[in-house]
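I have placed the structure first, in the form of structure tokens, so that the comments after it can refer back to it.
The values are calculated or read from the model by the stated rules, or taken from the named source; none is laboratory data. Bear in mind that the values here come from a model prediction, so they are computed numbers and not experimental data. When we count neighbours, we look across all protein chains shown, and the Cβ atoms used for this are built from the backbone with ideal geometry, even at glycine.
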Amino acid sequence: MAARIIRGRILSFDDEPRLAGAGALKMIEDGAVLVEDGRIAAVGEVGAIRARAPRAAIDDHAGKLVMPGFIDTHIHYSQTRVIASYGAQLLEWLQKYTFVEEQKLRDRDHADIVARFFLDEMFRQGTTTAMVYCTVHPESVDVFFDESLKRGARMIAGKVMMDRNAPEGLTDDPQRGYDESKALIARWSGRGRLDYAVTPRFAITSTEAQLEASGALLRESPGAYMQTHLDENRAEIAFVKELFPWAKTYLEVYERYGLLGPRSVFGHCVHLEQSEVAALAASRSVAAFCPTSNLFLGSGLFDMKRLHDHEVRVSLATDVGGGTSYSMLQTANEAYKVLQMGGQSWPALQAFYQMTLGNSRALGLQDRIGAIREGLEADIIVLDSRATPAMAHRMESVEGDIAEELFILMMMGDDRAVQETYVAGRPVKSGLAK
Ligand code: GUN
Ligand code: ZN
């Protein structure tokens, strides 16, 4: 691929502002990124980068923020037509809307349409990597990975495993779930920029035999991730305790089958008992904060400070379609408000760190994505802090304070603020239909 220079105000983190202070943010006001063969070949002042690659084409975004692509650590691609379904909390919402829609992904052509829409939407929103739930149908995984591979995107996904408490059209059984997952791992894991996540949906929809099979898949597949849901909703937790009477906590169910670990991402974690916090920390598992979903489904308020205090690894995610926005900016907006409700602060620098390097660290991908640094993959976005009249108007009162500008972006910004998205150095937003 020909070399390309992306010019703008380069913004990237090399550490977590909460721990390392504001110095964790690295900015070059008139900077440029040199991209070669899908990777970042150099970063610096625009003059120096031009001198280094005089023949490279220049994408001139002077004045706009150039930063790493957003990373979404928990989202359901199968729920693009479930988002904004009225009036239910988790268990009713699953039965009434989600399980109805997910059955439609049995049809490969339909799944294909949905996967394409989903990836277009990710890029429109500036999200370049996501950790994705497909459905129980292996075809839903094939079409998702196939489309991601064609687009050169770094994606993590897996076939949902469910063998009870769901409609027949959405269930497998422990052996089939194992066999299908195994075949998908063999077909897709490590191909292009793709990784596999073993995906038992949650304790309610898996028998002990299926959770056992999930643990076996993880043990047998080095490099595989694990994703599931945990402690999202009070009625959910009560049901888990009925189904697994031997378990003192919800997390103990997953723990018994070997599902905790540094590559395990637990969605929600809203109602954690103290022993669960300790077990998440000890296993270096990740708790994915899904604020728009937790508000929309009336699930509860995530306690970021408690998890930070106990050194639990935390990530941020949309959880569409329980979540109500594909935008990581809008997700950060709602996260800020959830934390406000709990009397917690969340500075803009910490929020932008979380959406980029923080989430890449949560997925163990910090040596590949999440920063603008030489050698990393060139997943880059361009943000316009004046994208709407109201944003431009508000920006008039900012006197060069980057934290204030970023806070405005996360409160008022959405896909309109994403001027361009580059995936492995290729622009993928400007060509999309408006
Ligand atoms: N718990 C089990 N499945 C789901 C799902 O699809 N969405 C959410 N928000 N929670 C779940
Ligand atoms: Zn979810």
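For region 196-209, the condition holds for no residue, the condition being that it is in contact with a Gly (Cβ under 9 Å, 6 or more places away or on another chain) and surrounded by fewer than 23 Cβ atoms within 10 Å (Cβ to Cβ).
I'd like to check something: does region 97-114 contain any residue that is crowded, with 24+ Cβ neighbours inside 10 Å and within 30 Å of residue 400 (Cβ to Cβ)? Looking for residues that are crowded, with 24+ Cβ neighbours inside 10 Å and within 30 Å of residue 400 (Cβ to Cβ), one finds none in region 97-114, hence no. As a summary of the residue check, residue 246 satisfies the conditions (1) touching a residue at least 12 places away in the same chain (Cβ under 8 Å); (2) among the aromatic types (Phe, Trp, Tyr); (3) not in a helix (DSSP H, G or I) except for the one numbered (1). Pairs meeting the criteria (first residue in region 80-100 and closer than 18 Å to residue 231 by Cα, second residue modelled with pLDDT of 95 or more and of a type in the set (Ser, Thr, Tyr), beta carbons under 7 Å, at least 6 apart or on different chains) are 90/299; 93/85. Among residues of region 126-141 that are hydrophobic (A, V, I, L, M, F, W, C), those with a beta-carbon under 7 Å from a residue that is part of a loop (DSSP other than H, G, I, E, B) and crowded, with 24+ Cβ neighbours inside 10 Å at least six positions away or on a different chain give the pairs 131/363; 134/159; 136/159; 136/162; 141/134; 141/159.
From 10, 75, 40, which residue is out of contact with any Lys or Arg (no Cβ under 8 Å at 6 or more places or on another chain) and either β-branched (Val, Ile, Thr) or crowded, with 21+ Cβ neighbours inside 10 Å (or both)?
On the way: 10 fails: out of contact with any Lys or Arg (no Cβ under 8 Å at 6 or more places or on another chain); 40 fails: out of contact with any Lys or Arg (no Cβ under 8 Å at 6 or more places or on another chain).
That would be 75, the only listed residue that is out of contact with any Lys or Arg (no Cβ under 8 Å at 6 or more places or on another chain) and either β-branched (Val, Ile, Thr) or crowded, with 21+ Cβ neighbours inside 10 Å (or both).
Among the residues making up region 309-324, those that are away from ligand 2 (no atom under 14 Å from the Cβ), of a type outside the set (D, E, K, R) and in a loop (DSSP other than H, G, I, E, B) are 310, 312.
One residue is enough: does region 73-89 have a residue meeting the conditions touching a Cys at 6+ places or on another chain (Cβ under 7 Å), hydroxyl-bearing (Ser, Thr, Tyr) and either at pLDDT 95 or above or within 29 Å of residue 164 (Cβ to Cβ) (or both)? Spell out how you get there, then give the answer.
We begin by selecting, within region 73-89, every residue touching a Cys at 6+ places or on another chain (Cβ under 7 Å); these are 74, 77-78.
Okay, now just the ones that are also hydroxyl-bearing (Ser, Thr, Tyr), so 77-78.
Next, only the ones that are either at pLDDT 95 or above or within 29 Å of residue 164 (Cβ to Cβ) (or both) stay: 77-78.
Yes, region 73-89 has at least one match.
For residues that are assigned to a loop (DSSP other than H, G, I, E, B) and away from ligand 2 (no atom under 16 Å from the Cβ), scanning just region 260-284, find the one that is nearest to residue 411 (Cα to Cα). Selected residue: 272. With respect to the stated conditions, residue 75 is within 20 Å of the chain's Cα centre (by Cα) and hydrophobic (A, V, I, L, M, F, W, C).
Please work out which one of (1) crowded, with 20+ Cβ neighbours inside 10 Å; (2) under 20 Å from the mean Cα position of the chain (by Cα); (3) part of a helix (DSSP H, G or I) is the condition residue 135 fails and give its number. It fails just one condition, (3).
On the basis of being among the hydroxyl-bearing types (Ser, Thr, Tyr), farther than 30 Å from residue 219 by Cβ, within 16 Å of ligand 2 (Cβ to nearest atom) and part of a helix (DSSP H, G or I), does residue 292 make the cut?
Details: among the hydroxyl-bearing types (Ser, Thr, Tyr): yes; farther than 30 Å from residue 219 by Cβ: yes; within 16 Å of ligand 2 (Cβ to nearest atom): yes; part of a helix (DSSP H, G or I): yes.
Against the criterion (among the hydroxyl-bearing types (Ser, Thr, Tyr), farther than 30 Å from residue 219 by Cβ, within 16 Å of ligand 2 (Cβ to nearest atom) and part of a helix (DSSP H, G or I)), residue 292 qualifies.
In the set 204, 185, 156, only one residue is within 16 Å of residue 263 (Cβ to Cβ), part of a helix (DSSP H, G or I) and either in contact (Cβ under 8 Å) with a residue 40 or more places away in the chain or of a type outside the set (S, T, N, Q) (or both); that residue is 185.
Among residues of region 310-327 that are of a type in the set (Val, Ile, Thr), those with a beta-carbon under 8 Å from a residue that is within 9 Å of ligand 2 (Cβ to nearest atom) and assigned to a loop (DSSP other than H, G, I, E, B) at least six positions away or on a different chain give the pairs 318/290.
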